[in-house]
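First up is the structure itself, then whatever we jot down about it.
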Amino acid sequence: MRFVPLEIADTLLIDVEPHSDERGMFARVFSEEEYAAQRLPTHFPQCSTSFNYRRGTIRGLHYQRKPYEEAKVVRCTRGSVFDVIVDLRRDSLTFRHWLGFELTEDNRRSIFVPAGVAHGFQTLSDNAEVYYQISTPYAPEAACGIRWDDPAIGVRWPIPISVISSRDAALPALT
């Protein structure tokens, strides 16, 4: 695996190093030893998946409040998504900055999202599936989010929006 530091502190892209032969491909997507060397969580008590029927679907931008903050490793296992992170750590030099990356079943790329950073995505294909490794179990009372179109953030989604849940559409702007 290759760990690529990003402009938002403590965030990383994780690229697999596939080994191919006549059978297909094999790649390691998690190694406790390699994650520990990068000072990433190595214990993920919850893994989740999101399946999305329609291209243009937006999920997010989500995070959990203290004391249930969560770090995540996010990977697209089917189709493609435009994955977005937003730094919500008020003491961070990149507070309110966002980054977006294409994650696809073909590039097999993952993104590490630290605690205090919101996460969301827009599907770029029909039938897109996203897999999450999460450092803290989901706590409904701590679930939060910010609006996908918050002008203070200015995320530029790549395609028109086709589906967004009423919950996500009603999320507040960052204050």
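When only the Cβ of Lys, Arg, Asp and Glu is charged (+1, +1, -1, -1), the dipole of the chain relative to its Cα centre reaches about 460 debye.
For Phe26 and Cys47, calculate 0.36 nm times their separation in residues minus their Cα-Cα distance, and state this gained length in nm to one decimal. Walk me through the numbers before you get to the answer.
Details: separation 21, 0.36 × 21 = 7.56 nm, distance 2.13 nm.
Full extension of this stretch gives 5.4 nm more.
Here the spin labels are modelled as points 7 Å beyond Cα on the Cα-Cβ line, and at Glu105 and Glu129 they lie 0.8 nm apart. Under the combined filter of DSSP loop state and at most 14 neighbouring Cβ atoms within 10 Å, the stretch 38-88 retains these chymotrypsin sites (Phe, Trp or Tyr not before Pro): Tyr53. Rounded to whole numbers, the Karplus 3J(HN,Hα) couplings from phi for the stretch 25-38 are 9, 9, 8, 7, 10, 8, 9, 3, 4, 5, 5, 4, 5, 8 Hz, using 6.51 cos²θ - 1.76 cosθ + 1.60 with θ = phi - 60°, and x at Gly and Pro. When the charge dipole of the chain is built from unit charges on Cβ atoms (+1 for Lys and Arg, -1 for Asp and Glu) and taken about the Cα centre, the candidate among Pro140, Ile111, Gln38 whose Cα reaches farthest toward its positive end is Pro140. Relative contact order, whole percent, for the stretch 70-175 stands at 33, derived from Cα pairs under 8 Å and 6 or more residues apart.
Within the stretch 133-149, list the residues whose amide N lies under 19 Å from a label point set 7 Å along Cα→Cβ of Thr175. Only 141-149 pass the distance filter.
Please sort by residue number the trypsin sites (Lys or Arg not before Pro) in the stretch 75-142 whose DSSP state is loop and whose Cβ has at most 12 other Cβ atoms within 10 Å. Here the sparse-neighbourhood loop sites are Arg90.
In plain terms, the chain from Cys144 to Arg90 could stretch by 17.9 nm, reckoned as 0.36 nm per residue minus the Cα-Cα distance. Proximity of backbone amide H atoms, modeled 1.01 Å from N, is registered between Gly56 and Thr123, Leu124, Ser125 at under 5 Å, excluding neighbours fewer than 5 places apart on the same chain. Springs between alpha-carbon pairs under 10 angstrom, Gaussian network model over the chain: which of Thr42, Thr136, Thr57 fluctuates most? Between Thr42, Thr136, Thr57, it is Thr42 that shows the largest mean-square fluctuation.
Along the chain, the exposed loop sites are GluC sites (Glu not before Pro) outside DSSP states H, G, I, E and B with at most 12 other Cβ atoms within 10 Å, and the longest stretch free of them is 23-175.
Where a number appears in this text, it was derived from the coordinates with a stated rule and is not lab data. These figures come from a predicted structure and were not determined experimentally. Ideal geometry is used to build each Cβ from the backbone, glycine not excepted, and the neighbour counts take in all protein chains shown.
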